[in-house]
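Since every read-out is calculated from the coordinates, none of them should be taken as a lab result. Just so it is clear, the model here is predicted, and its values are computed rather than measured. Here the Cβ is made from the backbone with ideal geometry for all residues, glycine too, and neighbour counts use every protein chain on show.
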Amino acid sequence: MEYTVQRLADLAGVSSRTIRYYDEIGFLKPARINSSGYRLYGEKEVDRLQQILFYRELEVELENIKKIINGPDFDELKALKKHREKLLKKRHRLDLLIANLEKTIDAKERRIKMSDKEKFAGFKKRMVEENERKYGQEVREKYGDEAVDRSNQKFLKMTEREYEEIRELEKEFMETLLTAFKTGDPAGDLAQKAADLHRQWLTFYWDNYSKEAHAGVVQLYVDDERFKDYYESYFAEKQAGIAEFLRDAVHIYTGKGK
């Protein structure tokens, strides 16, 4: 069966403009164009659109989707199973958030005071959800779902006291990193202290530390513009190059640099 742009859009629940845009950027080409100039899409194109929309639902950017589904190793059935797994996890996280919201609304309506522990639990769930939205795909691709899920669970089990400790440690780490950055020496004592503080900070989230993983994560800070911008924009004045400095310091600290 073949579909026009409008019929395919109706079938998928998107706008016809979206279908045309995907054609324009070479993302979803029609199977053929008939004598009247209408774009016509077949089963293969419907399946491709389904994959695209699954990835979009998981908030993957178009450019990354294009790389994934155009890759030589792309396996449609394997991708579908992966989509199902991720959507089930997303549903579980949303169920937890909804339950927390309902409890908060109930507390407001009935003027029942939520305990600090309950509020903190909701806060941690929101933090995990936000991190998944922003960085989940990249981190999961690099370290695997199991490692990321363990890290999330460790954070969700964190006590308020532990959270305050990590906040203080992060502050000390960033202040030390900035001071070390101004020396320009990633092998210096201050830079190596910053690298060790960064290791301590990571172990609050990781259940297993390795030098290889430590070196890998700081490389990600440089390779991914979002992480890089976070470090450069953390301070009152933008510190261009500080992510690279941290990477170099940690690579010296771990002995795992390239």
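Restricting the calculation to Cα atoms, every distinct pair contributes to the Kirkwood radius of the stretch 158-242, found to be 13.7 Å.
If the segment from Gln6 to Gln50 were pulled out straight at 0.36 nm per residue, it would be longer than the present Cα-Cα gap by 14.3 nm. Within the stretch 12-99, the GluC sites (Glu not before Pro) that combine a DSSP coil assignment with at most 13 other C-beta atoms in a 10 angstrom radius are Glu59, Glu61. Label-to-label distance for Asp207 and Lys66 is 3.9 nm, based on points extended 7 Å past Cα in the beta-carbon direction. The length gained on full extension between Asp223 and Glu168, counted as 0.36 nm times the residue separation minus their Cα-Cα distance, comes to 17.1 nm. Counting charges near Gly13 (Lys, Arg +1; Asp, Glu -1) among other residues having Cβ under 14 Å from its Cβ returns a value of +1. Between Phe235 and Arg32, what is the FRET efficiency for a Förster distance of 51 Å, r being their Cβ-Cβ separation, to the nearest 0.05? Once rounded, the FRET efficiency stands at 0.35. Backbone phi angles across the stretch 190-203, fed through the Karplus curve with coefficients 6.51, -1.76 and 1.60 (θ = phi - 60°), yield HN-Hα couplings of 5, 5, 6, 5, 4, 5, 5, 5, 5, 4, 4, 5, 4, 5 Hz in residue order; Gly and Pro are listed as x. Each residue, Glu175 and Arg93, gets one label point 7 Å from its Cα in the Cβ direction; the gap between the two is 3.2 nm.
Among the GluC sites (Glu not before Pro) in the stretch 181-258, those placed in a DSSP loop whose Cβ has at most 11 other Cβ atoms within 10 Å are Glu237. Magnitude of the charge dipole for the stretch 110-231, about its Cα centre and with charges confined to Cβ atoms of Lys, Arg (+1) and Asp, Glu (-1), is about 760 debye. In terms of the Cα gyration tensor, with a ≥ b ≥ c the square roots of its eigenvalues, is the chain rounded because a/c is under 1.5, prolate because a/b exceeds b/c, or oblate? It comes out oblate by the Cα gyration axes. In this structure, the residue pairs whose Cα-Cα separation is over 20 Å, taken from Lys44/Lys78; Lys171/Lys193; Lys171/Lys228; Lys29/Lys134, are Lys29/Lys134.
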